[in-house]
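What follows is a short report on a single structure.
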Amino acid sequence: MKYIIMLLFLGMSVTAQNSHAHHDSIKNLEEVQVKNATKKKIETEMKMAVSVDEYLSSADNISFIKRGAYAWEPLLNNMSTERSTVTIDGMHIFGACTDKMDPITSYVESNNLSAIDIKSGQEGSLHGSTIAGSIDLKRKSTPFGLAKKWNGAYQSGFEFNNKQFFNLGNVAYSGEKFVAEGSISYRKADDYYDGNDNEVKHSQYKKFNTSLGFAYKTSDLSAVRVDAIFDMAKDVGYPALPMDLSLSRALITSASYKQLFEDGLVKVIDSKIYFNAIEHYMDDTTRPENLVHMDMPGWSTTYGLVSKANLKKNSYSSEIQLNAYDNLSIAEMRMYPQDRSKRTMFAYSWPWVTTRYAGLSMNNSWELSEKSQVNLGGSLGVNYNYSKYVEFNWIFHPGAPQEKTRFLPSLHAGYNLNIDQFNFSVGTGYGHRAPSVSEGYGYYIYNSFDRYDYIGNPDLKNEISYEGNASAGFKNERLSIQGKLNYFYIENYIIGRILSMGSPMNYQSVGVKGYTSLDYATLLNMSMNVSYDILEHLHWNGTLTYARGMDNNGGNLPFIRPLSYLTSLHFMHKNFGIQTSVNGDFEQINYSPEYGEDLTGAYVIWNLSANYSFKINQMKTVVQVGAENLLNEYYSTYADWGNIPRMGRNIFTSLKFNF
Amino acid sequence: MLHFKTFFKHSLPMKSFKILVIALLGVITSCTIDKTDYEAEIGSQVPEYYEFKEAVSLTSGNYKISIEALNGTFYKGYNELHLKVSNTQTNQSVSASEVTVLPILNTSSSCPHEYNVSYDATNKYFAGYAVFTSETAVSNSWKLYISFKADNQKYEINKDISVEKQSNKNLNMTTFTGKDNEQYVIALISPQKPKVAENPLVAGIYKYNKPTIPAGTFPDPSQFSYSEVSGYTLKLDPRMPEPSMGNHSSPNNQDLTQQNDGLYHGVVNYTMTGNWTLNLILMNQNGLILKGTVVPTDFTPGVEGVKSELYIDTLF
């Protein structure tokens, strides 16, 4: 039944689908954990073969900073990745690129994920301290003892604009005591063309990803599991940046033990140790216009432990999670003089910075009645930083401590009420976060957006968020309306401010900025979502989002999404489906010149796709053909780094077999 | 498909997984670019010497005077000198007094030096310095004139010495005539091995004391007298001259002022390894600029940085 409802909803709304995912996630999580039986589809309304980024972008509280066609940086509640925790199955992983060319989402592939769990604000503190919330990428996990022992899928497709060709395959074996699963994928794309049919140079990429997982049932109620993901990207262009990527590799491994309990308060304990290593090599030899040749390799290695218990008794349920990790981030820069026989110039942009974190988090919920529910949670974390070559930091901050320990508390509370067809919720939160490695210890990290070199400050105060949120909705058989709102008051908001001292190191740079704390900043996010079943097989959905971010002087914060909308129609009958959507942003009036932004104009994009399902020898097959940006509009959004134009008309085709 | 099935059915999956993980670990640990060995990196251009060894010894009668310098070599620039007097018969050290040192270049000029070297009772040697202003070459020959008193008898000896090129650019020096028409020498003394960090910077600033009396018997020390200038200020503006660095500078530097040891102390921040120019302005006690010009502070990528009239290049 649930699947039928889900299927029905699938076409109804991108955002509804996601808020659905969001609301359901706790329940699903339990189901995945306890029953191992649910499975989510990584696809959007318009496209069934999506990249992780495309999938994430269908959530209404996610936006992206785009530096090209690859590895978009997800912004949650209009806040960048420093303010959110991005994890893979609760495992902390940190990108190895000082220029954020490798968000964690770039190291997975859609065919090794089962769902993405997005939590807003302090509700996301289960995975560690956060301000904006958490994005947890959930890996596929095949249950034991499925009726069908072998399962697999193969997906292939071609996108005409950038000649992207992709092949994704995954296979799983489910035995009574043993489960094995694996996936493999390869994507290759050339440069894309913008709406004026001009080639956007340096926007090509190649990505290879594979994953393996084995689980063994040690008893009726316990199992061990080992997992590994290996991801490799080569020759990736970043048209908005002055350099590209020659190679990045990630190895993400974990071993876990899960114990279920039939009686008692504790239902599940799931403990996992993990290790991941990332290496990232930027390359500017593809850019002969660069005055200076520079090597900028980066490494990030993390060891960690995540242990989680699910408790339930009568109307009370709780999740308790212990997170601990140790990360070492290293980034180097070596500039070559024009006369190559001369001495190269070397410095660390991350001077061997260790981050250790340990924290205990808890989410509790009580069903007060069938109609109302109270949630109460919090976490307490200890964050420790150590800069091995602290003398780099001393150049701008003489005498700054080499080690720094911070305590990061978090609290949140919420109340949900359902009355007939109406639902309401209110919530509040309070939480601290520690500065990121770049904010605390970064050294001459060039930001090509505002063209400043950024210097970290080890003495930055914790950023403290006070948050309130509310939602209201109405739902009947045909119509659903949901409005959401959240407001953040962030004390000691960390942002770069021009430093009068120091001069740029990178030749494109115009000056030096140091990370400093504003007294406060405020951020408001609103969204409205309506879906309506016009006919049995015809569904309409509309979404409107608005955000406003201001600093303590009433100035605009950068990368805040202007008023934006999405409206879509979905028709589905038997094996045939057709969908169309129009989306766009209004003019970005509240831009921030101080942070390199300029006025970004409004744009409208029209998308269209159709799919057909059939069976070949018991194999469920789906073909899809569609076009994004059908009218070939030339545009760039508020969050396109350096105003690089987005992709023009893109015709895509894909084919998927399930066996 | 068949392959997969047989693979999983007939092999030990855990074992194959282990092998795979080990193989993957092998892939990931074999980084294509090695991490830089930072210690080796900052030491690669900079010979660093901490050990005093005998550079030359002179003998007169039963006495030998041994002069020690870092690495047993006299280099162009600042040299700290340790002098020890011993008896050649007994090989015992001798308590000498009134030890003087006078370096002479081509019988016509000298260089900054401490003429009357003082006795360091703790370390049991006479300590002085000499700032050789040129390397030994066909047209440049250096001779040391030493005198000392032992057993109430004065000994005077001299010997040709060799002054080598200082390959550590952080110990560079410069000579110039100031606006007051005096001859000055500025020599870097420390750090030998700078880091990408705040570096305490030590320099000696010396002035040639023009003789006021006619020359006596050669070598007459009054004709070859130098002294440490006192109460001056050496303004500092370090920059990277490399065109691609666009006149890059660093923050939080401190001008050099004289401390109790007579030397001038300041702070230089090097933001990265490579070629640096210390742009200098020398001012006397009254704030009068004796030499040096203010350099442009603009960031000018692709253009070699303009240097002050008075500068010393460093490299590490």
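Once you list every other residue whose beta carbon is under 13 Å from the beta carbon of B:S230, what net charge do they have if Lys and Arg are +1 and Asp and Glu are -1?
On the way: positive: B:K207; negative: B:E228, B:D261.
Around B:S230, the surrounding residues sum to -1.
Across the residues of A:328-338, average count of Cβ atoms on other protein chains within 10 Å?
Details: counts 0, 0, 2, 0, 5, 1, 6, 8, 2, 8, 5.
Whole-number average of other-chain Cβ neighbours for A:328-338 is 3.
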statement: Per 10 angstrom bin, beginning at 0 and ending with the bin that holds the maximum distance, the Cα pairs of region B:52-164 fall in percents of 15, 50, 29, 6, 0
query: P(r) of region A:180-284 in 5 Å steps, Cα pairs, percent per bin?
result: 3, 11, 15, 14, 12, 10, 9, 8, 6, 5, 4, 2, 1
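Taking K and R as +1 and D and E as -1, what net charge do the other residues with C-beta under 9 Å from the C-beta of A:I644 add up to?
+1
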- prompt: Using the beta-carbon distance between B:N286 and B:S109 and R0 = 22 Å, what value does 1/(1 + (r/R0)^6) give for FRET efficiency, to the nearest 0.05?
  reply: 0.15
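Among B:Y155, B:Y206, which comes first, then next, by fewest other beta-carbon atoms within 10 Å? Please list the in-between numbers first.
Details: B:Y155 20, B:Y206 24.
Starting with the residue having the fewest Cβ neighbours, the order is B:Y155, B:Y206.
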- request: Enter the mean number of other protein chain beta carbons within 10 Å of the beta carbon of each residue in B:238-245, as an integer.
  value: 6
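Please give me the summed charge of the neighbours of B:V85: other residues whose Cβ is under 10 Å from its Cβ, Lys and Arg +1, Asp and Glu -1.
Cβ neighbours under 10 Å give a net charge of +3.
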field: Furthest towards positive pole of dipole, B:T73, B:S134, B:I281, structure part chain B, Cβ charges
entry: B:T73
task: Could you quote the convex hull projected area for region A:254-408, Cα atoms only and averaged over all directions, in nm²?
output: 14.9 nm²
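Just to be sure I follow the definition: excluding the sites themselves, where is the longest run in chain A that has none of the GluC sites (Glu not before Pro) in a DSSP loop with at most 11 other Cβ atoms within 10 Å? Intermediate values should be presented prior to the final figure.
Details: sites that count: A:E176, A:E262, A:E289, A:E370, A:E477, A:E536.
Free of exposed loop sites, the longest segment is A:1-175.
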- line: In region A:227-308, lysine pairs 8 or more places apart or on different chains with C-alpha atoms under 21 Å apart total 5
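With a cap of 13 neighbouring Cβ atoms within 10 Å, and only residues DSSP puts in a loop, list the chymotrypsin sites (Phe, Trp or Tyr not before Pro) found in region A:73-177.
Those that pass, being in a loop and sparsely packed, are A:F160.
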- prompt: Debye sum, Cα scatterers, chain B, no solvent: what log₁₀ I/I(0) at q = 0.08, 0.10, 0.11, 0.13 1/Å?
  reply: -0.48, -0.67, -0.77, -1.00
query: Which lysines have a Cα less than 17 Å from the Cα of B:K149, not counting those fewer than 8 places away in the same chain?
result: B:K64, B:K84, B:K124
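Is there a pair in A:K388/B:K35; B:K235/B:K291; A:K461/B:K195; A:K342/B:K235 whose C-alpha atoms are over 20 Å apart, and which pairs would that be? Mind dumping the intermediate values first?
Values: A:K388/B:K35 14 Å; B:K235/B:K291 10 Å; A:K461/B:K195 28 Å; A:K342/B:K235 28 Å.
Pairs exceeding 20 Å: A:K461/B:K195; A:K342/B:K235.
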statement: In whole angstrom, the spacing between the Cα centers of region B:107-179 and region A:536-607 equals 78 Å
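Any idea what % of Cα-Cα pairs in chain A are farther than 48 Å?
Working: 21233 of 216811 pairs.
Tail fraction, whole percent: 10.
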query: In nanometres, what is the gap between the two model label sites at A:F407 and A:T653, each 7 Å from Cα along Cα-to-Cβ?
result: 6.3 nm
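Fewest to most neighbouring Cβ within 10 Å: what's the order for B:I146, A:I455? Can you show the working numbers first?
Working: B:I146 22, A:I455 28.
If I rank by nearby Cβ atoms, fewest first, I get B:I146, A:I455.
Rounding to the nearest 20 debye, state how big the charge dipole of chain B is about its Cα centre with +1 on each Lys and Arg Cβ and -1 on each Asp and Glu Cβ. Intermediate values should be presented prior to the final figure.
Numbers: 25 positive and 30 negative charges, 221 e Å.
About 1060 debye.
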query: On average, how many beta carbons from a partner chain sit within 10 Å of the beta carbon of a residue in A:391-401?
result: 4
- prompt: In whole Å and largest first, what semi-axes does the C-alpha gyration tensor of region B:169-315 yield when each eigenvalue is scaled by 5 and square-rooted?
  reply: 31, 16, 14
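Laboratory data are not the source of any read-out in this text; all were calculated from the coordinates shown. All of these numbers come straight from a predicted model, not from anything done at the bench. Backbone-built Cβ (ideal geometry, glycine too); neighbour counts: all protein chains shown.
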